[in-house]
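Beneath this line is the structure, given in structure tokens, with notes to follow.
The values are calculated or read from the model by the stated rules, or taken from the named source; none is laboratory data. Values in this document were obtained by computation on a predicted structure and should not be read as measured data. With ideal geometry, Cβ positions are generated from the backbone for all residues, glycine too; neighbour counts draw on all protein chains shown. Please note that ligands, DNA and RNA were not included when accessible areas were found on the heavy atoms of the full protein model with its side chains. Shrake-Rupley method; radii C 1.70, N 1.55, O 1.52, S 1.80 Å.
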Amino acid sequence: MLFSSMVNNHSAGKTVQSSVAADTEQNRFTRKILSEKLDEPLQMIVSKDNKVLFIERKGNIKLYNPATNTTAIIATIPVSTKYKSQTGHISEAEDGLLGVVLDPDFDTNHWMYLYYSEAGDVARNILTRYEYVNDQLVLSSKKIVLEVPTQREQCCHTGGKMAFDDKKNLYLTTGDNTSSKATGYSPSDERPGREDWDAQRTSGNTNDLRGKILRIHPEANGTYTVPDGNLFPKGTEKTKPEIYVMGIRNPYSIFFDKRSGYLYWGEVGPDAGRDSVNKGPRSYDEYNRTKKPGFFGWPYFQADNKPYPKYNFATRETGPLADPEKPVNNSPNNTGLTNLPPTNKAMIWYSYNASEEFPVLGTGGRSAMLGPVYHADDYGSSKKRFPDYYNNKLFIYEWLRDWIIDVTFDNDGNYQSMERFLPTLRFSHPMDIKFGPDGDMYVLEYGQGWFTQNNDAQLVRISYNAGNRKPEVTATADKTVGAVPLKVNFSSAGTFDFDKDELTYKWTIKPAVGKAVALKGENPSYTILKRGVYKATLTVTDAKGAAASKTITIKAGNNPPVININIAGNQSFYFPGKAINYAVQMRDKEDGVIPGGKIPASRLKVKIDYKGNADASNDQPGHHYGPESFTEGRALMLKNDCKACHDVNRKIIGPPYKMVALKYKDDPAAEERLATKVINGGNGVWGEMTMSAHPQLSKEDAKSIVRWVLSLSSEQAAPANLAPKGTYSPAADADGTITIKASYTDKGAPGVPPAYTEKTLVLSTPVIQVASGKLQGDFQVYQKRKGRSSVLVRKAGSASFENLDLTGIQGFDFTVSTPNKMNGGKIEIRLDSENGELLGTTNVTTGLERSNVSSGIKPVTGRHTIYFVFSNANVTENLFFIDSITLKGN
């Protein structure tokens, strides 16, 4: 299926590849969001007047109108979006409204073709034709052109994308409609009752329309004819004449290049993360192309014709490898020919791991999709057309890896190289790419969540500016809220022009009611005398007349609250088992004070939040991570494709992380087992969807992710509101971060909204990792588990830490070791420089296992930079290992 395999390519050799276009200026491209918060958008059409029609899987047809900058639903098609197993289990399907394309003669006949899963009890996908007139779909004009019988009991793979060639033939992709749940390898299960797990019944079947690219010629009366030159001549026994390409798993994108005559498609592959002696090769996604009909391998081959063996699911015995020259389909579920055509290799192929042939593709989850071949002269003299550098390049994109790549071919049409397109942009699961009539690129983004409306599901336009560029404007103000008279100093610092033009600056101050005031100079000042909300706008114009603006909101007439958090003693660290005495004061010029005023103390929100290093897992704003927290695992999760299927609290396609954490919280073997599953993939625990493999992760990285997930089971409830003054006592074994947060929203003033102030004081565990300091000298850092590290002091040097509060600090404990031939040495504690005041010293002897050595220090107050100087007067190399330093309070 598209989505489950997403968590989850003509010959090509090793070529020199780059990662960014060499002769285009990336800052000439601008990205604009046209429509957002879409509900599973799948495919679009860009019209001659730059209107964008797009479909959503659940049946909506929407139209974006650039004249009004609005998006509206123009029709809703009743579609089937569920699977129902023989046992009655209902699950979300990939079925729905799947594809849309306009007839080549649309300007005269107004025909639009839709491919969708028809609602009702009959399991079939249908190709339909409608009239589309004056931005309206004429529902009464519906004609069913072709139907594809399907099964709706087991997930997945629909295809459904369409394209016309230069002879007005219509190409339609269809998926293999086969479950991948039983295996991540070839789904060729021939056991009775397992027909839905056998892609030999569909993709490998010459007498079935699924797992194919069909080529037909629509006729005026709503029927179709079959053009000559398809894979099987008309009338061939046990074949479907509509078949142009067969042996496809899930072709979820398609493009026909009328210049070259090539048909291109992206094919989403299976889920196995590694090669198996018994079951065959690891999984690959493919980018394919052809000028002639053919067989492209599935479910017998992948990639560059890597064969699967004949596998008996009943006896678990492995037979011979499939022969790419003479593939055979002898499945009892096959109703077509036994002997199949020779297999074609993919143009580009890649697995979860880094590709030796195509390294620019990266690593991680896979979902191969492709868009158009760009031809610059299609856009005439348009000033917005992409540079000739992109001429004749194919744009491919990755739904899970969130990139777009342009592929270059040589003069003979052979693959030459590829590179990232706009590598600084991060797309959100790109689903379709089209070029508009002026040469703009339109990108339809599905968003990160599955089977749901996403806030980041959007229609985006990428425009190229070959001429003069607008200035890049930065506008700031030293005050944006305060009592009147309010003097504001404005700044344009950071404003620049890519073309290095001379710039003119214009500031205007506009109240909610009344006239605007113009200010002179790049960085003027202005005093606001009347209460109200003002808009301060900086407009910068270059020498050629191009202008850009930035606006700042100023709220005058209400002083913001002032909050102070005071604690007794050290302001950087807390000490386990020792009480923290805190006092919070709020002063507001208009409202009064807390405590001691007439305002109820409850309006001052005071919270103290402790996050232990084993609890640092909440993926929410305001969370504070301790120095040895699970941030590494969380960062690895965000870097990979995990977030496409999982959320901390919300079920997407896989279970919420918190649910996983609770399920395994008392299982001591879970870390090892789940890390293995992260790497190898699997299914069956949380339902029918397959968990993708991640073989590119090391075992330790996979464990880091699992540790972060498992830590969610111990997340604490949000702290209650506290009194402005009190005591907080950390536990004797507390190891993490304590956050004291106070906030207040005042009452505002006439014509001025309320002002909000928040103040935060963070106290950390009194343990610092030496590797996190500034190291000066010859050191080697070894990373350990849970964010810890060990530093080998090779020669004399120092580690310094800035802005540490030393109030109440009596000394330091150093965690050190001198294994093997380590020579030991001396640690000096110095104030503010390597040669500063000596506060204390200690010796590291030889033969130490991981141990603590201690030193007291002279009393010091306030914040300083502390230097820990390492030396040995007798030797110059291999002194000792030092891991962490613990501050001891009084």
Point to revise | In Hz, Karplus ³J(HN,Hα) per residue of segment 366-373 (6.51, -1.76, 1.60; θ = phi - 60°; x = Gly, Pro) | key: 10, 6, 6, 9, 9, x, x, 8
Review point. If one puts a single equal scatterer on every Cα of segment 66-189 and applies the Debye formula without solvent, what log₁₀ I(q)/I(0) results at q = 0.11, 0.15, 0.18 Å⁻¹?
Key: -0.47, -0.78, -1.01
Revision key, fill the gap. Given backbone amide H placed at 1.01 Å from N, residues whose amide H is under 5 Å from that of residue 247, ignoring those fewer than 5 places away on the same chain, are 296
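Based on DSSP H runs of at least 4 residues, each adding -39500 (n - 2.57), what is the mean residue ellipticity at 222 nm of the chain after dividing by all its residues, to the nearest 500 deg cm²/dmol? Display every interim value, and only then the final one.
Numbers: 6 runs with 51 residues, N = 890.
Dividing the helical sum by the residues of the chain leaves -1500 deg cm²/dmol.
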Revision key, fill the gap. The long-range amide H neighbours of residue 401, using H built 1.01 Å from N in the peptide plane and a cut-off of under 5 Å, are 367
Review point. Just the Cα atoms of segment 344-401: what Rg and Dmax do they give in Å?
Key: 14.7, 43
Practice item. Subtracting the Cα-Cα distance from 0.36 nm times the residue separation, let me have the gained length for residue 147 to residue 315 in nm, one decimal. Key: 56.8 nm
Study note, to complete from the structure: So, with points 7 Å from each Cα along the Cβ direction, the residue 762-residue 474 label distance in nm works out to 2.4 nm
Review point. In segment 745-834, if every C-alpha pair distance is counted and binned at 5 Å from zero, what percent goes to each bin?
Key: 2, 8, 16, 19, 14, 10, 5, 4, 5, 5, 4, 3, 2, 1, 0, 0
Check your understanding: Counting pairs of alpha carbon atoms under 8 Å apart in space and at least six apart in sequence, what relative contact order in percent does segment 31-128 give?
Key -> 19 percent
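So what is the diffusion coefficient of segment 409-525 in µm² per second by Stokes-Einstein at 37 °C and 0.692 mPa s, using a Kirkwood Rh over Cα pairs? Before the final figure, lay out the partial values.
On the way: Rh = 19.5 Å.
Taking Rh from Cα pairs, D becomes 168 µm²/s.
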Study note, to complete from the structure: Here the relative contact order (percent) of segment 372-464, from C-alpha pairs under 8 Å and at least 6 apart, is 22 percent
**Study point:** Partnerless cysteines, meaning none of the other Cys C-beta atoms lie under 4.7 Å away, in the chain
**Key:** 642, 645
Practice item. Decide, for segment 478-597, between rounded, prolate and oblate: order the square roots of the alpha carbon gyration tensor eigenvalues as a ≥ b ≥ c, take rounded if a/c falls under 1.5, and otherwise choose prolate if a/b is larger than b/c, else oblate. Key: oblate
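With r defined as the distance between the Cβ atoms of residue 353 and residue 425 and R0 fixed at 30 Å, what FRET efficiency is calculated, to the nearest 0.05?
Working: r = 25 Å, r/R0 = 0.83.
Once rounded, the FRET efficiency stands at 0.75.
Regarding segment 338-469, what is the average projected area of its C-alpha convex hull, in nm²? Spell out each step's value before the answer.
Details: hull surface 46.3 nm².
So the mean shadow area of the Cα hull is 11.6 nm².
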Exercise for review: For segment 462-501 and segment 797-857, compute the distance between their C-alpha centroids and round to whole Å.
Suggested key: 49 Å
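Using only the Cα atoms, what convex hull volume per residue in Å³ does segment 264-333 have?
Numbers: hull volume 8.0 nm³, N = 70.
Hull volume over Cα atoms, normalised by residue count, gives 114 Å³.
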Review point. Which lysines have a Cα lying under 22 Å from the Cα of residue 383, excluding residues fewer than 8 positions away in the same chain?
Key: 32, 48, 51, 393, 434, 470, 500, 544
Study note, to complete from the structure: Over 26 Å (Cα to Cα) among 479/598; 611/665; 555/759; 279/658; 212/384; 384/550 -> 479/598; 279/658; 212/384
Revision key, fill the gap. Kirkwood-based Rg/Rh on the Cα set of segment 774-890 evaluates to 0.95
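So how much slack lies between residue 780 and residue 109, counting 0.36 nm per residue of separation and subtracting their Cα-Cα distance, in nm?
Contour length minus the Cα-Cα distance gives 234.3 nm.
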Review point. When ligands, DNA and RNA are left out and all protein chains stay put, how many square angstrom of accessible area per residue does the chain have with a 1.4 Å probe?
Key: 42 Å²
Review point. Residue 565: net charge of surrounding residues, Cβ under 12 Å, Lys/Arg +1, Asp/Glu -1, itself excluded?
Key: +3
Review point. What do you get for Rg/Rh of segment 19-119 when both radii come from the Cα atoms and Rh is the Kirkwood radius?
Key: 1.11
Check your understanding: How big is segment 804-853 on each of its three principal axes, counting only the C-alpha atoms and giving the largest first in Å?
Key -> 37, 22, 13
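Which of the peptides 334-344, 249-259 is most tightly packed, and how do the rest follow, judged by the mean count of other Cβ atoms within 10 Å per residue?
Working: 334-344: 17.2, 249-259: 24.5.
Result, highest mean Cβ count within 10 Å first: 249-259, 334-344.
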Review point. So, with a 1.4 angstrom probe, what is the percent of accessible area on the chain that is carbon and sulfur?
Key: 49 percent
Review point. Local charge sum around residue 138 (other residues, Cβ-Cβ under 12 Å, Lys/Arg +1, Asp/Glu -1)?
Key: +1
**Study point:** Euclidean distance between Cα centres, segment 349-415 to segment 90-155, Å
**Key:** 29 Å
Study note, to complete from the structure: For the pair residue 517 and residue 391, the simple spin-label estimate (label points 7 Å beyond Cα toward Cβ) gives in nm 5.7 nm
Practice item. For segment 662-679, take each phi angle, set θ = phi - 60°, evaluate the Karplus expression 6.51 cos²θ - 1.76 cosθ + 1.60, and give the result in whole Hz per residue in order, putting x for glycine and proline. Key: 5, 5, 10, 5, 9, 9, x, 8, 5, 4, 5, 5, 6, 4, 4, 5, 4, 6
Review point. Once you sort the root eigenvalues of the Cα gyration tensor of segment 437-488 as a ≥ b ≥ c, which label holds: rounded (a/c under 1.5), prolate (a/b larger than b/c) or oblate (the other case)?
Key: oblate
Point to revise | Among beta bridges that DSSP assigns inside the chain, antiparallel share in %, nearest 5 | key: 95 percent
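Could you state the per residue volume, in Å³, of the convex hull enclosing the Cα atoms of the chain?
On the way: hull volume 202.9 nm³, N = 890.
Enclosed volume per residue, from the Cα hull, is 228 Å³.
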